[in-house]
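**Student:** Quick one: structure below, then a few questions.
No lab work stands behind these numbers, since they all come straight from the coordinates. None of these values were measured; they are calculated from a predicted model. Cβ coordinates were reconstructed from backbone atoms using ideal geometry, including for glycine residues, and neighbour counts include every protein chain displayed.
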Amino acid sequence: MDKNDKRCEWCNSEAAMETILPVYWELPCGTRAIQITDVPSVSCEECRMNYQEEQVIGEIEDQLMLVDTSQIEKVITHKELMKLPRMLKRNYFRF
Ligand SMILES: [Zn+2]
């Protein structure tokens, strides 16, 4: 995908730019939330919306389902999160 041709998913403006942002994320178990830093995000100068694209959200959700979340500190970088070893929790697969 051409990075310079990104449109805002909210207002369809071409002023949307790729950026990295910290995101608060509730764990699948629902007992606590963590902060994930350096998450690939989109920032729109037009409507001021900051958001993550569906693919990024899906990857994070899948990863949190498959790793041992008790090992995650309050704050983790997106890169660290994606590198965590996955456990085999077969029943959690959605596909
Ligand atoms: Zn926008």
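**Student:** Does region 1-58 hold any residues that are among the small types (Gly, Ala, Ser), more than 14 Å from residue 81 (Cα to Cα) and within 12 Å of the chain's Cα centre (by Cα), and which are they?
**Tutor:** Within region 1-58, 41 is the sole residue that qualifies.
**Student:** Considering only residues that are surrounded by 13 or more Cβ atoms within 10 Å (Cβ to Cβ) and in a strand (DSSP E or B), look in region 20-31 and name the one that is farthest from the ligand (Cβ to nearest atom).
**Tutor:** 25
**Student:** Same structure, new question: Report yes if some residue within region 32-39 is of a type outside the set (A, V, I, L, M) and not in a strand (DSSP E or B); otherwise report no.
**Tutor:** Within region 32-39 (the criterion being of a type outside the set (A, V, I, L, M) and not in a strand (DSSP E or B)), the answer is yes, since at least one residue qualifies.
**Student:** Turning to a different aspect of this structure: Please count how many residues of region 17-55 are under 16 Å from residue 79 (Cβ atoms), touching a residue at least 24 places away in the same chain (Cβ under 8 Å) and among the polar types (S, T, N, Q).
**Tutor:** Total meeting the criteria: 4.
**Student:** Kindly evaluate residue 73 against the criterion of being without any contact (Cβ under 8 Å) to a residue 60 or more places away in the chain and more than 16 Å from the ligand (Cβ to nearest atom). Talk me through it step by step, then tell me what you get.
**Tutor:** Details: without any contact (Cβ under 8 Å) to a residue 60 or more places away in the chain: yes; more than 16 Å from the ligand (Cβ to nearest atom): yes.
Against the criterion (without any contact (Cβ under 8 Å) to a residue 60 or more places away in the chain and more than 16 Å from the ligand (Cβ to nearest atom)), residue 73 qualifies.
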